[in-house]
1. Tell me which lysines have Cα within less than 26 Å of K230's Cα, excluding those fewer than 8 residues away on the same chain?
2. Explain nothing, just compute: Karplus ³J(HN,Hα) = 6.51 cos²θ - 1.76 cosθ + 1.60, θ = phi - 60°, for every residue of the range 105-122 in order, whole Hz, x for Gly and Pro.
3. Assign unit charges at the C-beta atoms only (+1 for Lys and Arg, -1 for Asp and Glu), then state the dipole size of the chain relative to its Cα centre in Debye, rounded to the nearest 20.
4. Cut-off under 30 Å on the C-alpha distance; same-chain residues fewer than 8 positions from K111 excluded. Which lysines are left, in chain and number order?
5. Expected output is a single nm value to one decimal: the length gained when fully extending between L90 and K33, i.e. 0.36 nm times separation in residues minus the C-alpha distance. What is it?
6. Take the chain, connect every pair of alpha-carbon atoms lying under 10 Å apart with a spring to form a Gaussian network, then pick out the residue of S207, S120, S59 with the largest mean-square fluctuation.
7. I'd like to know which of A216, S120, Q108 lies farthest towards the positive end of the charge dipole of the chain, counting +1 on Cβ of Lys and Arg and -1 on Cβ of Asp and Glu.
8. Could you work out which residue, out of T157, T87, T169, moves most in a Gaussian network model of the chain, that is, has the largest mean-square fluctuation with Cα springs under 10 Å?
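Derivation of every value follows stated rules applied to the coordinates shown; laboratory data play no part. This is a predicted model, so every value here is computed, not measured. A quick note on method: Cβ atoms are made from the backbone with ideal geometry, for glycine too, and the neighbour counts reach across all protein chains shown.
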Amino acid sequence: MYILLICTFICTIILFLLCNKKPNVEKVIYDEKISPVVEKMGANEEIANEILKFIGNDSTKIEKNVDPKIKASFYNFNTDRITIKNTEDLKDCSRIIHIAHECIHSIQDKKLGMAHFILSNIQILYFLGIFIYFFYNKDVDLRFNLLLVQLFIFILTFFIKVVLESDATYRGPELAFTYLENKVSEKDLKEFKENIRSKLYQIVPMSYFSLYSQGALLLIIAQMGAIFIK
């Protein structure tokens, strides 16, 4: 179990060092030519509804997030609903990229999305279950086997999560560009594309590490519990 814990630590540290390159990317993006166009599109929920119609999705529902503390939009596979964050700066071009990202999630394979939802919950429940169980069972071999099962669940969950997020991360901006084609000049759109793509490649590594760390933390806590709970 010590070897498993050390390997998990080393893997996490290596991934952090490889991915932790602070991106020179602003949270909001302004463009002299694109921002005025995006501003006229209205609130986030209006843009989301238009993009859904643009891709032929008439089943997904849009709701506005009434909690001002929530700074991100998200798609729920269970309810087939996109919860849109409150509109703040209408000139911020990044909001159309984020909205397109969630719209891509809405047209992804529902079975894959449901599998991710189920596995994510199993991952949490399994962690709680074995951690509590360690207080009642001192069998080292059993603990190790339980940790291996947890590792398998983590790998499977992480793989599905990366597939879903990678698809939305790369297809989202392309959807936004296509949506803007008839609204701005070809030259202005080309410059905007280059700007967004360069920023995208900077933030992707850290976003992947963020996905990894969500489950890795549970692995480490469980492994330490298996070793030190007597």
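1. Counting by Cα, and skipping residues close in sequence, K230 has these lysines nearby: K138.
2. 4, 5, 10, 6, 4, 5, 5, 5, x, 5, 4, 5, 4, 5, 5, 4, 6, 4
3. Working: 27 positive and 26 negative charges, 123 e Å.
The dipole magnitude comes to about 580 debye.
4. List returned: K53, K61, K64, K71, K85, K161.
5. Details: separation 57, 0.36 × 57 = 20.52 nm, distance 1.38 nm.
Difference between extended and current length: 19.1 nm.
6. In this elastic network of the chain, the residue with the biggest mean-square fluctuation among S207, S120, S59 is S59.
7. Going by the Cα projections, it comes out as A216.
8. The residue that fluctuates most here is T87.
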